[in-house]
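One structure below.
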Amino acid sequence: MTMTTLRAALAASSLALLAACTTTSLDTKAQLPPPLLEQLPVRVGIHYSEEFSKYVHKETRGSIDYEVNLGPAHVTNLDWLLKAMFRELVPVDDPSRVSNISPPLAFVLEPKFEEYSFLTPKDVAGEAFIVTIRYLLAVYDSNGARVDSFAFTGYGREKARTLASKEPLATATQRAMRDAGAKVAVELTDQDSVRLLLRGAGSPLPASPPAPPEVLKAPSEQPSAPGASAPADAKPQEGSPPPSEEQPRTEEELPAEEEPPAEDEPPAEDEPPAEDQPPATPPPQSSAGA
């Protein structure tokens, strides 16, 4: 091995070691737009586990180590969002032991991270980071019994040129957080179990989102041709003129005396009376002596 080849090999190994040590560490920021919500006059509990409030996502892609600090920003965002939705937000240590809290709580929420994933510019056909965040909101009643849970997923995207870029990944993460927060604000109080808990707490129920317009169905039969009679069971529409009295009648509906005489038939000739007809020829009599 020549000296030039040895130096090239050492340089390549050094670059590989440096690339393996590359770490992208970032803190997500708490940024949500002001929610346009009608605040409900109830007290709601919130429990943040240590796993949620201090959650850091760690992942290695190729030669880059990613560390995304998600917990603190989510706590700030959810606190701010829930305080805008409900009159009072009460922190609780254990969501299953809230029956002795006075005044009683309408319900208690406990968030948990279900997924944090992202695609790099190398993974997709474009120069962008794409982030997906999904977390679960467990719901407990005022006695501490778990009654339901709901998953909310947010998506975010931001352009980037290098895999180790911090700002594009942080921006895509914050957009995914905003998307998930908007879904919580719109969909949480419209869930059946949450509406029952709000009704039990004496709270006026929030208005449900408007129902989608009724789907127009195609008519079962094709429209009749002009001049065709309507079906027997068809009902006249309001405002429509009464049916005409002089409607064409079928042959079955015509009375017997109104039947037209047959055409091209010659009138029948009068038959002669019976006495004017010549008598029938008598049969020949046989001779007795023959």
Put a dot 7 Å past each Cα toward the Cβ at SER99 and SER149; how far apart are the dots in nm? 2.3 nm
LYS58 neighbourhood, Cβ < 10 Å, K/R = +1, D/E = -1, net charge -3
Nearest-0.05 FRET efficiency for LYS83 and SER63 at R0 = 51 Å, using Cβ-Cβ distance, is 0.75
Show me the ranking of peptides 81-87, 43-49, 196-202 by mean Cβ neighbours inside 10 Å, starting with the highest. 43-49, 81-87, 196-202
Considering amide H positions built from the backbone, and no H for Pro or chain starts, which residues 5 or more places from GLY144, or on another chain, come under 5 Å of its amide H? VAL98
One finds, for LYS159 and SER49 with R0 = 35 angstrom and r their Cβ-Cβ distance, a FRET efficiency to the nearest 0.05 of 0.50
Apply the Karplus curve 6.51 cos²θ - 1.76 cosθ + 1.60, θ = phi - 60°, to the phi angles in the range 117-134 and return the couplings in whole Hz, x for Gly and Pro. 9, 8, 10, 8, x, 6, 7, 10, 7, x, 9, 7, 9, 10, 10, 10, 10, 9
Formal net charge of residues neighbouring PRO121 (Cβ-Cβ distance under 13 Å; K, R +1; D, E -1): +2
Burial ranking of peptide ranges 183-189, 74-80 (average Cβ count within 10 Å, highest at the top): 74-80, 183-189
Would you mind getting me the FRET efficiency between LYS112 and LEU36? Use the beta-carbon distance for r and R0 = 35 Å, nearest 0.05. 0.80
Could you work out the relative contact order of the range 125-206, using alpha carbon pairs under 8 angstrom and six or more residues apart, expressed as a whole percent? 28 percent
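Bear in mind that the values in this text are calculations on the coordinates, not laboratory data. Quantities reported herein were computed from a predicted structural model and do not represent experimental measurements. Ideal geometry is used to build each Cβ from the backbone, glycine not excepted, and the neighbour counts take in all protein chains shown.
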